[in-house]
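Reading through the structure tokens given below for one structure.
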Amino acid sequence: MALDKFKNASAEVLEYAVPSKILSDHALIEATKQGDEAAFAEIVNRYRNPITNFLYRFLNDYEEAVDLAQETFVRVYFAIERYHTDYAFSTYIYRIATNLAISEIRKRKRRQLLSLTGLFQNEDESETEFQLPDEKSLPDEDLIEDERNRTIARAIAALPDKYRAPIILREIEDKSYEEIAQILNLGLGTTKSRISRARNLLKEKLKHYF
Amino acid sequence: MINKEFKNKAEEIETLNADDEKLRQMLGGLKKVGAPKNFDFHLKARIAGAEPNSLRKPFLVPWLRYVLPLSLIVMLAGFAFFNLSFSTGNQAVQEVAAGLPPNQNETANAPVETPAKMVVEEPLIASVPANKNLEIRTLEPEFVRSENKAMQNKARAIDIENSLAASSNKRENDPKNNSGGSRDITLKDAPVLFERNANPNSGNVKPLNVKQAEIPIQQVLSQIGIEADYTDKGWKIVSIKENSLAMRAGMKAGDLIEAIDDKKLSSDTVFQQAFTGKVFRILRDGKQIVIDLNAK
């Protein structure tokens with residue numbers, strides 16, 4: 001199964017009334033419409049990790065990614081009646097998550113958060129990078145990244161919004177061009193060109209590693 | 001179940017250069033993060049506490065933040081603009097309604113100058129109704145005064161034309177009649193009449209009391225084309241204008257007009273109100289003849 005690659009040993013094993021055979025996303029949605037909460041739980045189980053990961057790479061902020069991931073499922077739940085099977089459910093949920101992430105990026109720009117690194121300086125007036133104390137326990141050691149991964153993550157987060165989403169969906173979420181175009185509501189040619197442009201920008205930012 | 005999307009990506013044939021391929025490996029090698037343990041718990045709590053409508057941010061909220069102040073500013077600006085334009089427009093309208101040109105005060109007391117082309121003659125008739133208000137008009141614009149003069153000229157010919165209508169029709173239809181001319185008939189009452197060369201705006205001139213307008217005999221004769229001198233027995237015709245009413249009626253120079261409508265003429269004979277004289281008693285070569293102006 002595609003989700004096997006997500007090594008999340010602490011994931012809850014939900015008991016549900018759904019038969020042991022694996023139901024399609026559409027079948028689960030239809031069951032949810034009929035009031036089957038277990039079916040919706042299965043939907044959450046399938047997509048919570050990919051959505052969280054996608055949002056984390058987009059925002060480079062884990063807490064915000066979790067919050068928006070939950071918001072994504074809340075919106076799916078309350079709009080379940082309006083969902084149509086014209087598109088794959090993964091396309092539908094990734095579109096919601098992408099829109100929420102883009103909205104959050106715009107909010108950040110409007111808030112114009114101060115850079116904390118500039119507030120702390122040594123006696124020799126050299127800047128010291130301020131690290132926020134990580135009071136919350138992060139999931140596991142998987143979240144501890146080496147310097148290269150952090151650099152890559154910062155490079156991705158520095159991309160413009162319109163290049164960030166397609167490159168993450170393509171290179172990290174392993175989506176096809178066609179699905180990416182549907183998620184982002186773009187033409188296939190535009191999608192490919194934006195992914196190509198994003199690659200070039202990342203190569204420029206990460207040229208030290210090439 | 002094989003995810004359809006993944007299957008499609010696997011089927012895609014994408015040729016990447018070395019750098020792109022390396023980038024792909026770098027990005028693909030990033031550790032994937034997952035949802036926290038309490039994700040489902042918080043999600044259930046969130047769903048239970050959220051109202052369906054609360055999920056939808058009021059569509060207008062972000063718009064109101066910008067559109068409302070802008071619309072207010074636009075409305076205020078438009079209100080101020082229209083008020084300003086209306087106030088200046090009303091001022092202009094008032095000036096026009098007053099009918100006063102900008103330099104009205106300068107010309108109000110100026111002496112009346114008769115236009116060169118206007119023919120000013122003594123008022124001959126009075127056809128103003130009895131209830132006509134004849135107050136002096138002191139602040140009359142130039143064009144109104146000129147127009148009144150024109151109306152006066154027209155009005156004075158009404159009764160004469162009416163009284164001679166029957167005879168004139170015959171004459172006009174006569175192809176040999178070269179008198180021509182036009183007949184000006186006004187449908188309105190005659191305006192206020194003033195004496196000749198009088199300045200109605202001076203304040204010292206009163207309009208003629210047309211109710212009791214006296215028309216001297218000399219003017220009557222002059223109107224019908226006769227220049228005459230008074231003698232002991234009457235008014236002797238000195239000359240007659242070509243194609244005048246008197247000539248067409250058959251009068252001649254040398255005729256002695258003794259009476260009009262059996263009214264013996266004297267040197268200061270005047271006629272009251274409209275002149276409606278028709279029958280002229282004339283002495284010619286010792287013989288009395290009667291000429292009826294309407295007859296010919």
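The values are calculated or read from the model by the stated rules, or taken from the named source; none is laboratory data. Everything numeric in this text was worked out from a predicted model, so none of it was measured. Using ideal geometry, Cβ is built from the backbone for each residue, glycine included, and neighbour counts are taken over all protein chains shown. Areas reflect the complete protein model, heavy atoms only, side chains present, ligands, DNA and RNA absent. Shrake-Rupley method; radii C 1.70, N 1.55, O 1.52, S 1.80 Å.
Output the residues belonging to region A:168-207 that are touching a residue at least 60 places away in the same chain (Cβ under 8 Å) and β-branched (Val, Ile, Thr). If you could, list the steps in order and put the result at the bottom.
Going residue by residue through region A:168-207, those that are touching a residue at least 60 places away in the same chain (Cβ under 8 Å) are A:168-169, A:172-173, A:175, A:179, A:182-185.
Within region A:168-207, A:Ile168, A:Ile172, A:Ile183 qualify.
If the condition is being open to solvent by less than 30 Å² (accessible area, probe 1.4 Å) and in a helix (DSSP H, G or I), then region A:72-95 contributes A:Thr72, A:Phe73, A:Val74, A:Val76, A:Ile80, A:Phe89, A:Ser90, A:Thr91, A:Ile93, A:Tyr94.
Quick one: is A:Ile172 within 12 Å of chain B (Cβ to nearest Cβ), closer than 17 Å to B:Leu16 by Cβ and either open to solvent by less than 30 Å² (accessible area, probe 1.4 Å) or of a type in the set (Lys, Arg) (or both)? Criteria met by A:Ile172. Within region A:64-79, work out how many residues are under 18 Å from A:Leu28 (Cα atoms) and more than 9 Å from chain B (Cβ to nearest Cβ). Residues in region A:64-79 being under 18 Å from A:Leu28 (Cα atoms) and more than 9 Å from chain B (Cβ to nearest Cβ): 2 in total. Taken over region A:1-22, the residue count meeting the criterion of being modelled with pLDDT of 50 or more and at the interface with chain B (Cβ under 9 Å from one of its Cβ atoms) is 1.
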